[in-house]
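Some notes on the structure that comes next.
The values are calculated or read from the model by the stated rules, or taken from the named source; none is laboratory data. Please read these numbers as outputs of a predicted model, since none were measured by experiment. Glycine gets a Cβ as well: all are built from the backbone with ideal geometry, and neighbour counts include every protein chain shown.
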Amino acid sequence: MFLFICMTNLQLLIVRSIIEKEQLKKVDVLFIGDVDNVKNQYYLKKIQPLCRHSDIVPQVAKFSTFKTIQRTRYAKKIMEKYAREYHTVFFANFHVPLIHHILSCITFSEIKTFDDGTNNINQKSIMYENKNISATSKLIRKLMGRKYHKDEILKLDAKHYTLFPNRTNIIEKTEGIILVHHNGLPDTNNGFKKVLLGTVYTDALKNKEDECVFLQHLQRFIKKEAVDIYIPHPRYDSHQFNGVLNVSSEMIAEDIILEYLEQGMSLEIYGFNSTVQYNLNNISTIKNYKITSPFLKDSFNHGLGFDFNQVSV
């Protein structure tokens, strides 16, 4: 049996590709995220025909005291609906403590991982941050139910599936996987649109207090560049901009953009180091622009070696 642990809609799409590529049977899927998010429900439903069992559970609360014990209890509660033993456990977020706790309350033969968007190839991302945890702290945590940490996971990782096989990855043992297929797109040009891809601005900004100011800058950018379409990030979809089509959809940005391409449109896409842009980078009718700003964290301003034009906000 095989267990996949996901935390984003993109990861669900990657999981589907892995299941189909490896022709896996007896698959269980666990999604950790917003239970009420329509996109989460939509993409989990799409993968269910390939699964033996699937479920969605909320992210663990940020406990101030006895974090390890609380997470251990929560992990055991989550896994009550799942098997106690798996041949292979697949996941992307090898740095997330809750996943370490889940691994600690089941048995498995091997671990395999897959990309969490561009975080694996962005050396400024959280995945490249290292915390020094003493042997004593690890022993205490083990006694409280946490057997694994990031460094142990990386040593155990048997294979990593990546969307970017030609890029340096934090995990060396990589195998490429295709997420977006676009062979059937029409050759005719039925128009031109400019698309702005949103991000989780509170995560992207150096100072969360600059959120309102930065959104005002983006509003001016939309007007200046005559942007036609705004596709918000699934975790930041409450804000709407003026003078632009604010897309509200169950689908993620890749699928929304592919629908425009299937109508024969050419697109200019503006984004914040967005995985969406890298997934669609080899499509000739798309021109990508990377947004930079002194308001943004280094991980968002950091170039990843793709041939994108840059615009400053």
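Listed here are the residues, each with its yes/no results for (1) among the acidic types (Asp, Glu); (2) modelled with pLDDT of 85 or more.
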{"site": "Glu85", "(1), (2)": "yes, yes"}
{"site": "Phe90", "(1), (2)": "no, yes"}
{"site": "Lys112", "(1), (2)": "no, yes"}
{"site": "Asp115", "(1), (2)": "yes, yes"}
{"site": "Lys131", "(1), (2)": "no, no"}
{"site": "Ser134", "(1), (2)": "no, yes"}
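Name the residue, out of Leu24, Leu50, that is closer than 20 Å to His160 by Cβ and surrounded by fewer than 19 Cβ atoms within 10 Å (Cβ to Cβ).
Exactly one of Leu24, Leu50 is closer than 20 Å to His160 by Cβ and surrounded by fewer than 19 Cβ atoms within 10 Å (Cβ to Cβ), namely Leu24.
So is Ser274 loosely packed, with under 14 Cβ neighbours inside 10 Å, within 15 Å of Gly198 (Cβ to Cβ) and under 22 Å from the mean Cα position of the chain (by Cα) or not?
no
Could you list, in sequence order, all residues of the stretch 5-23 that are farther than 17 Å from Val180 by Cβ and touching a residue at least 24 places away in the same chain (Cβ under 8 Å)?
Ile5, Cys6, Met7
Could you tell me whether Tyr270 is in contact with a Leu (Cβ under 7 Å, 6 or more places away or on another chain) and not in a loop (DSSP other than H, G, I, E, B)?
When the stated conditions are applied, Tyr270 passes them.
Kindly provide the set of residues from the stretch 241-267 that are part of a loop (DSSP other than H, G, I, E, B), among the small types (Gly, Ala, Ser) and touching a Ser or Thr at 6+ places or on another chain (Cβ under 9 Å), ordered by number.
Passing the criteria: only Gly264.
If you take the residues of the stretch 220-252 that are out of contact with any Lys or Arg (no Cβ under 9 Å at 6 or more places or on another chain) and among the hydroxyl-bearing types (Ser, Thr, Tyr), which of them is surrounded by the fewest Cβ atoms within 10 Å (Cβ to Cβ)?
Within the stretch 220-252, the match that is surrounded by the fewest Cβ atoms within 10 Å (Cβ to Cβ) is Ser238.
Within the stretch 24-60, take every residue that is more than 20 Å from Glu85 (Cα to Cα) and among the polar types (S, T, N, Q) and give me the one that is modelled with the highest pLDDT.
Only one residue tops the list, namely Gln48.
Name the one entry in Leu280, Leu258 that is within 21 Å of Tyr42 (Cβ to Cβ) and touching a helix residue (DSSP H, G or I) at 6+ places or on another chain (Cβ under 7 Å).
Leu280
Residues that are surrounded by 15 or more Cβ atoms within 10 Å (Cβ to Cβ), under 18 Å from the mean Cα position of the chain (by Cα), among the polar types (S, T, N, Q) and not in a loop (DSSP other than H, G, I, E, B): does the stretch 283-291 have at least one?
Checked the stretch 283-291: no residue is surrounded by 15 or more Cβ atoms within 10 Å (Cβ to Cβ), under 18 Å from the mean Cα position of the chain (by Cα), among the polar types (S, T, N, Q) and not in a loop (DSSP other than H, G, I, E, B).
Looking for whichever is without any contact (Cβ under 8 Å) to a residue 12 or more places away in the chain, among the acidic types (Asp, Glu) and under 24 Å from Ile19 (Cβ atoms) here; the options are Asp157, Asp255. Which one fits?
Asp255
What residue, among those in the stretch 208-219 that are in contact (Cβ under 8 Å) with a residue 40 or more places away in the chain and of a type outside the set (Val, Ile, Thr), is surrounded by the fewest Cβ atoms within 10 Å (Cβ to Cβ)?
Looking at the filtered set, the residue picked out is His217.
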